[in-house]
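S.K.: Provided herewith is a single structure, encoded as structure tokens, for subsequent inquiry.
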Amino acid sequence: MILMKVKKQMRKYCPKCNTYTTQSVSIYKKGKNRTKTEGARRQARLTKGYGSFPKPIQKRFAKTTKKTVLKYKCRECGYITQKKGIRLKKVEIV
């Protein structure tokens, strides 16, 4: 699949309301990285000074697309559910 068109609003099952309700659709976006996490602190410690990266940086990638996760927000109660990611080049919310 190259392009997938998704409607702005859908009627889907809401587990909190326990009924089918209209839900608004949006694309999930990753949040801002935290600088004080254990992994970030470890990376900073390993790369500081004259030392380089501890592992080789990957240059060739097998996959050409990333998985797109869709978020559904219930219009009645505001509960958000996420659909499992689908590999697509482009998602268009119409």
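S.K.: Which one, T35, V69, S52, projects farthest toward the positive side of the charge dipole computed for the chain from Cβ point charges (K/R +1, D/E -1)?
M.R.: Sorting the options by dipole projection puts first S52.
S.K.: Which listed residue (M10, I80, S26) has the Cα farthest towards the positive end of the charge dipole for the chain, taking +1 on Lys and Arg C-beta and -1 on Asp and Glu C-beta about the Cα centre?
M.R.: S26
S.K.: Just how large is the dipole of the chain about the Cα centre, in debye to the nearest 20, putting +1 at every Lys and Arg Cβ and -1 at every Asp and Glu Cβ? All intermediate terms of the calculation are to be shown ahead of the outcome.
M.R.: Numbers: 29 positive and 3 negative charges, 62 e Å.
So the magnitude is around 300 debye.
S.K.: Let me ask another. Between K48 and N18, what is the spin-label point distance in nm, taking each point 7 Å from the Cα along the Cα→C-beta axis?
M.R.: In this crude spin-label approximation the distance works out to 5.5 nm.
S.K.: How long is the chain along each principal axis, judged by its Cα atoms, biggest number first, in Å?
M.R.: Largest to smallest, the principal-axis extents are 58, 32, 18 Å.
S.K.: For the Cα atoms of the chain, what angle does the longest principal axis make with the long axis of helix 38-47, in degrees from 0 to 90, nearest 10?
M.R.: Between helix and principal axis, roughly 30 degrees.
Throughout, read-outs are computed from the coordinates displayed, never taken from laboratory work. Computed from a predicted structure; not experimentally measured. FYI the Cβ positions are ideal-geometry reconstructions off the backbone, even for glycines, and counts take in every protein chain you see.
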